[in-house]
Structure formats: C-alpha cells, structure tokens
Amino acid sequence: MAAPPPARILPLGLPALDVALPEGGLALGRLHEVLAPAGEAGTGFAAALLARIAGAQGRVLWCGPAPYGPGLAAFGLDPDRVIFARTAPDAETLWAIEEGLRCPSLAAVLGEVGVLDLTAGRRLQLAAERWGVTALALRRHRRPDHRLGAPRLEPSAATTRWRVAPMPGAADRARWNVELLRCRGGTPRDFVLEWSHETGDLAVAAAVGHRSASPFGSGAPQADAAD
Amino acid sequence: MAVDDAADALGIAPAMGLADARALVPGLAALPADPAGDARALARLADWAERYTPSVALDGADGLFLDVTGCAHLFAPGIEGEAALLADLLRRVRRSGLSAHAGLADTPGAAWALARFAGQGEDGVIAAPGQAEPLLDSLPTAALRLAPDAVAGMARVGLRRIADLCRQERQSGRAPLAARFGPVVWRRLDQARGRAEEAIAPRRPSAPHHARMAFAEPIATAAGIARAAGQLIETLAARFAADGVGARRIAIAFFRVDAQAQWLEIGTARPSRDPRHLFRLLEEKLGQVDPGFGIDLVELSAPEVETLAAAQIDFPSADAPPAHNAAASSLAELVDRLDNRLGSGRVGRLAPRESHAPERAVQATAALAPPAGADWTLPPRPLRLFPRPEPVDVIAGAASAPSLFRWRAHLHRVCTAEGPERLAPEWWLADAPRTTRDYWRVEDEAGRRFWLFQESGVRSQKSEDRKNTWFLHGEFA
C-alpha cells in the first residue's frame, strides 16, 4: 500500500490542545476516536470537532442514533448540514461510515459504535485517508448508568484517541475532562474544557498532566508544537 | 369444491357432495379449501405472467387476464405469434404442476368465454381477429360472465346458447330480456363481441422504459444474475440518455422456470441514469433473489422517471484514483445507497418545528432538500432527548427544585438546578402532551447534566393516584 497523502491540519483554535497535537492541529482525512464513558460530554466534544471540521460550508454524515436537533445546533453545527443515518447495530453503522467516507463531498463522517476493533478501525482509517474525509468514531457508553464500566481500551488504528467525561462545572458552563490518550507523533495529555451554551464557545480551562502546558486563555504561541 | 385431473377422469365433478364422491371413489383424498392460499398462489402466478405482458389483471379467484396486444410478435411473426405465446404460456404453467385453460380473442369477454367454455384443448383456443363471433355462438350463455340465476332464468325460456340470445335480439329487440334480467346481459354480449369497450385493470401501472433478457439455458448463479442485471441496466441507461430522463425508481423482475416471479425495487433521491450507480444500488439487493430451478427471463423497468438534463449528471472527478473497485460517490449516490440499505425514514435531516413540546419540536426532512436556513435558537436544550420521558423518583427542595433523584436504580445528587422553564400543553393538537411541564436543568455531583421535568395540570381520573410526576427527558453534554 502506498503511503497515505500527508494530512491537512486543522487548528482547533484551542491553543493548549493544538500544541499537544503534532503539526498544531487535528489531522483531516484521518480516523479519530472519541470515548464517552459516561454522560454526553463525549458527544458534545465530537459535535464541537465536527462543527470545526465542517466549517461554514461542509456537510457531515452522522451515523447511529440521532442527537436532538436544538441541542446539536448549540455546538455551532447547523443541522441543515448534517445528514443522519439512523443505523444500528455496529455492523450496520460501520458499513454506513465507510460508505460516507467514500463520498468526498462530505467533510466528515461521525459514527457511534460500541466496539471498534483493530480491523474495523484500519478499514475506516484507510477509507478516510483515501478519500480525504475525516472519520470520527464516537464510542458512547450505551447504558446511561455509567457504573457498568467504560469501553475497553483495545488497540486502535485511529490517529488520535480521546476520552471525554463530564466534570462538575461552573455555573452556566459545561465542564469536560478531556484526555488525549493516544496521538501519533504527539504527547498524551489531559485538559479541562469548558463549553458555554450562551456563546457556543469552547475554551480550555486547564491543561493538566503536562508541566509546561501553555497558560490557559488565548494568545498562547502555537509555533513550537510539542515534540 | 375443486377437483384435479385425476379425479375428473374418475367422474368426480366440482358440484358433487363429498359423500357422493367418496361413494364413487373410496380412497379419495380430500383437503379443506384454502381461499387465502389460492389467492396468494394466483397473485404469484400473475407476477410471473408479467413475463408475457406488463398488463396483467386478476379475474375472480381463479383466472387472469393478460393484454398481449403488441407482445405476441416476440414469440413468432404475424398471427403465429399469438399461438406461440399461448402454447408457451400453457406449457410453462402446466410444467409447474398447475392445470390451465386458455383463450385468446379480440376482447376480454370473448377470451374469457373461450378459455372457460372452449379452451380445454392442449393449446387453448384462439379466435383470429374479427372471428370470435362464430366461436361464441355455440357457447352456453354462462360464458357471458352472467350470474347463475340469470343463466338459469334464461334457460327456462329456452335461451341456452349465445346464438339463442342473438336470435332473440333480432326477433324482439333488447327490451324484454333487459327488463327481466337487467341490462347486464346485453352489455356482456356487446363486450364479448367487441361492440362495447372493456378495459382490464392491470395490477401494476406499465412502465414506458423497460428492457428484458431471456435465457435459453436458465441461470441460477449469483454471478449470472448480477451479469444480467448489469447488462439490462446498461441498456436502460442508454435509453434514458436518449430520452433525457433519469430513473427515480427501478424494478427488476426475475421469472423462474417454475412459473414464479420475484421482484426487487430500488429508489433514488434524485433522477439518475448512471449505470454504475444504479447497479450498485441494485447489487445490494440481488442477494435476496432465489433462483430456484433457474431463471429464464429477467426484466428491468423504470416505473418512475424524471427529466434529467445532461448537465445535471455529476461525473466522477478526473483526479480520483482509478483502478480500484471502490469508487468515490456523490452525495446523491451516498444518500441512495444508505436509503436503499437502511430502509425509508432512517436517512434524512432535521428541521425545527413550531411546538412547545420538545419531542415535537423537530421533524425529519429529506436528506437532499435545499437548506431551510431554519432558526434553532431556543433556551438550552439537551444534546440527547430520550425517545420518551423516563419516570424518576425525585426529592425536591426549596421552590420545588429537585435536590436528589433516582433514575434506573441509581441516585443522583443534584448540585445545581436551574429552572423552572414552563412549557404549556398544546391542547389543540392530538399527539401533543396534555400536561404543563416545568423543566429543570440539573447537574449531579459527577458533572452529568440532565433535563428533568415535573408534570402538573390536567390529569385523567385514572392516574390520580399516581405518585410519580417527575420525568427525565434528556441529557446535556
């Protein structure tokens, strides 16, 4: 197999996250995995990523149970630009994701799956590389009761793997604990993100687990990327 | 009661009682009648009969009308075509184990009469164009599709054959018989003689675009079926291009040697005449085809087409990497593939709808509908809304704000609660909630954010004793 074309990089506009990622942003046309062990924080994080990848014009495909339109719109992802495919079970969802990745008119495909083994992950990664469509595998915990265990951490073919869990927040903001568990060519780190419903803004409240993390707030230099 | 050929040969008639028949043939096998099963079998036969003509209609519980106008030349040129068609039909039906009679004439009425009253021969009866009347003359009046009591009544006054009716018409006009047995007698006679119009009602509307492929050696393999479908799609696509149309719906019929037919259908969100795309849609479903003992005819038709200018077709981009069986697809192709695999209603977009009830505030729209530019601004809404609100046990504190709730056997301690947001019932809508709801946004100690509501207002007598008025309706990110 020929080497995949170099990925286009999308800075997320969150300096602390961008410096943790190689080349200063999220690699487009790659597979990224978001684990959501409890609650909907992971769904929110994935929706925020989708909104950034889609930009002002792009269309996205969302496979699996559809989220609530008004709630989704608050993440800056215009439901007009989201095609939903209500798929279940995983096999059907994986099929739909792969079909979506073959359609270069899409900016990204999100699929909600319970398990993503190495083989299935590689298929999606190859399709994403080949057609330049970004794949997001949202591995939301199916049971609303989070005590029944988090998704198992099997080896992954994804370019990045995130785990996003809710945290007790501050007043009107939702607060998420975002762990970058795996990142090719980057360093795993933890962050605390805050999301405001009123403004739709996502901001880094704290970068933990890395001593020299850039100070929160805006204006952090992006030039010297990690590693 | 019905009898098969063997029973017929032993002298058993359909009008006989079972006891009489048993007396005649002691070892007689009798099965209860199954009208529903017969109807299904007739429908299957009608499906299969579409190999001869797209225009097939059911006739009562045991007959079919086929309008073979313009179809017989496929079997042999000229007048012999009809004989060849009829012989082919009878041979195939009989080979599948059914007994059948057939008549072919200028009118449905005459064909009916010939099939049921003269068509017992091996090859059926054919009335050459304009030659039906002499054949009809000798048939009993029952051949005119008249009710049994009318037939019996006419027999009592000496009118037994169709020729008798014609003589009666010449001698004393139509009025006497019409007064006694109704005008239907003469209408049926006119229909049989082609002096009154009669149209059969085909089971399927006929499609102007169709292509067929017959196999001398029946095909039974998946590869053979796929190849036939692929070639037919190429043929039809070329015809679409010539007519400047694209298909919205495509039906493919597989006619089996055992007088059965199978149908598959695909739909497209936008008209298409791209053979590669149409074949990929169809390919998904070809696995459902059961070739049985073999398929000897495949027919592809487009029941629904729309005009499609050449410019509307999006060609695969030139820089797409070639030589790989997985080709890039356009958005319309993607939607078609998802739609055909997942079934209708599972692929689409969301649009806001004017409603106070959160579950009614979203509606589905077509995946490729033009953007509505809708305004979604609302007070905070959860990212997931449960299909139906789930009852929870709540301990409420000051100002009835929830402070602790139990959901699915787990306790959630509420750290912050915002609300209430009151949503009034839309009593004028049939499917809207009937009660006023006070919604709260709460955050538990783990940071999960939920959308709870307390129900108040009108409740039916029956639920008066119900303690539970709190529900969990969704979860925020």
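Just so you know, all these numbers are worked out from the coordinates, no wet-lab data involved. It should be emphasised that the depicted structure is a prediction, and the values quoted were computed from it without experimental measurement. Ideal geometry is used to build each Cβ from the backbone, glycine not excepted, and the neighbour counts take in all protein chains shown.
What FRET efficiency would be calculated for the residue pair B:Arg203, B:Ala399, taking the C-beta separation as r and a Förster radius of 60 Å, to the nearest 0.05?
Numbers: r = 66 Å, r/R0 = 1.10.
Using R0 = 60 Å, I get an efficiency of 0.35.
Taking the Cα centre of chain B as the origin, how large is its charge dipole in debye, to the nearest 20, when only Lys and Arg (+1) and Asp and Glu (-1) carry charge on their Cβ atoms?
Working: 56 positive and 60 negative charges, 206 e Å.
Using Cβ point charges on Lys, Arg, Asp and Glu, chain B gives about 980 debye.
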Tell me the label-point distance for the pair B:Glu306, B:Asp190, using the 7 Å Cα-to-Cβ offset, in nm and rounded to one decimal.
4.4
Using only helices, what value at 222 nm comes out for the protein assembly as shown when you add -39,500 (n - 2.57) per DSSP H run of length 4 or more and divide by the total residues, to the nearest 500 deg cm²/dmol?
-8000 deg cm²/dmol
Identify, among B:Pro380, A:Leu50, A:Leu72, the residue whose Cα sits farthest towards the positive end of the charge dipole of the protein assembly as shown, taking +1 on the Cβ of Lys and Arg and -1 on the Cβ of Asp and Glu, with the dipole about the Cα centre.
B:Pro380
³J(HN,Hα) computed for each position of the stretch B:145-156 - Karplus, 6.51 cos²θ - 1.76 cosθ + 1.60, integer Hz, glycine/proline x
6, 9, 5, x, 6, 5, 4, 5, x, 5, 4, 5
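What does the convex hull of the Cα atoms come to per residue for the protein assembly as shown, in Å³?
Looking at the protein assembly as shown, the number lands at 258 Å³ per residue.
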Expected-Rg normalisation [2.2 N^0.38 Å, Cα atoms] applied to the stretch B:54-119
1.08
Whole-Å distance, taken between Cα centres, linking the stretch B:177-199 and the stretch B:114-156
14
Once phi for every residue in the stretch B:340-346 is put through the Karplus expression 6.51 cos²θ - 1.76 cosθ + 1.60 (θ = phi - 60°), the whole-Hz ³J(HN,Hα) values, with Gly and Pro written as x, are 6, 7, 8, x, 5, x, 9
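Which value, in debye to the nearest 20, gives the size of the charge dipole of the stretch B:209-339 about its Cα centre, when Lys and Arg are +1 and Asp and Glu are -1 at the Cβ? It would help to have the intermediate numbers written out before the result.
Numbers: 12 positive and 18 negative charges, 18 e Å.
Result for the stretch B:209-339 is approximately 80 debye, rounded to the nearest 20.
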For the stretch B:26-88, what log10 I(q)/I(0) values come out of the Debye formula at q = 0.13, 0.16, 0.23 1/Å, with one point per alpha carbon and no solvent?
-0.48, -0.62, -0.92
For the stretch B:20-38 versus the stretch B:214-228, the gap between their alpha-carbon centres in whole angstrom
40
How big is the charge dipole of the stretch B:384-476 about its Cα centre, in debye rounded to the nearest 20, if each Lys and Arg gets +1 on its Cβ and each Asp and Glu gets -1 on its Cβ?
200
Projecting the Cα atoms of B:Thr53, B:Val335, B:Leu42 onto the charge dipole of the protein assembly as shown, where Lys and Arg contribute +1 and Asp and Glu -1 at Cβ, the residue farthest towards the positive end is B:Val335
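Counting other beta carbons within 10 Å of each Cβ, put B:Thr469, A:Thr119 in order, fewest first.
The fewest-first ordering by Cβ neighbours comes to A:Thr119, B:Thr469.
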When averaged across all projection directions, what area in nm² does the alpha-carbon convex hull of chain B cover?
38.8
Residues whose built amide H sits under 5 Å from the amide H of B:Arg161, excluding neighbours closer than 5 in sequence, are B:Thr141
Taking R0 as 22 Å and r as the Cβ-Cβ distance between B:Val25 and B:Ala147, the FRET efficiency 1/(1 + (r/R0)^6), rounded to the nearest 0.05, comes to 0.10
Which distance in nm do the two modelled labels at B:Ala446 and B:His101 give, with both placed 7 Å along the Cα-to-Cβ direction?
7.7
In sequence order, calculated HN-Hα J values of the stretch B:222-237 (Karplus, 6.51, -1.76, 1.60; Hz; x Gly/Pro)
4, 5, x, 5, 5, 5, 4, 4, x, 5, 5, 5, 4, 4, 5, 4
Can you give the convex hull volume of the alpha carbon atoms of the stretch B:35-193 per residue, in Å³?
118
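Just the number: Rg to Rh for the stretch B:177-252, Cα atoms, Kirkwood Rh, two decimals. Display every interim value, and only then the final one.
Values: Rg = 22.0 Å, Rh = 16.9 Å.
When Rh is taken as the Kirkwood radius, the ratio is 1.30.
Compute the projected area of the convex hull of the Cα atoms of the stretch B:209-339, averaged over all viewing directions, and report it in nm² to one decimal place. Mind showing how you got there, number by number?
Numbers: hull surface 33.1 nm².
If you wrap the Cα atoms of the stretch B:209-339 in a convex hull and average its projections, you get 8.3 nm².
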At q = 0.15, 0.20, 0.23 Å⁻¹, what log₁₀ I(q)/I(0) does a Debye calculation on the Cα points of the stretch B:384-476 give, no solvent, two decimals?
-0.57, -0.99, -1.25
Share of Cα-Cα pairs in the stretch B:1-107 beyond 25 Å, whole percent, is 35
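Only loop residues by DSSP count here, and only those with at most 11 other Cβ atoms within 10 Å; note down the GluC sites (Glu not before Pro) in the stretch A:1-110 that meet that. If you can, show how the numbers build up before the last one.
On the way: sites: A:Glu23, A:Glu33, A:Glu40, A:Glu92, A:Glu98, A:Glu99; in loops: A:Glu40.
Qualifying residues, ordered by number: none.
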Gain upon complete extension [B:Ala84, B:Arg170; 0.36 nm per residue less C-alpha separation]:
27.2 nm
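Using a 10 Å Cβ count of at most 16 others and DSSP loop calls, identify the longest part of chain B lacking such GluC sites (Glu not before Pro). Intermediate values should be presented prior to the final figure.
Numbers: sites that count: B:Glu122, B:Glu197, B:Glu198, B:Glu354, B:Glu426, B:Glu445.
The longest such stretch corresponds to B:199-353.
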Within 10 Å of each residue's Cβ, count the other Cβ atoms and sort B:Met16, B:Met154 from fewest upward.
B:Met16, B:Met154
Would you kindly state how much longer the chain becomes between B:Asp4 and B:Glu354 on full extension, computed as 0.36 nm times their sequence separation minus their alpha carbon distance, in nm to one decimal?
119.5 nm
Charge dipole (the stretch B:168-297, unit charges on Cβ, about Cα centre) - positive-most of B:Ala229, B:Gly194, B:Ser206
B:Gly194
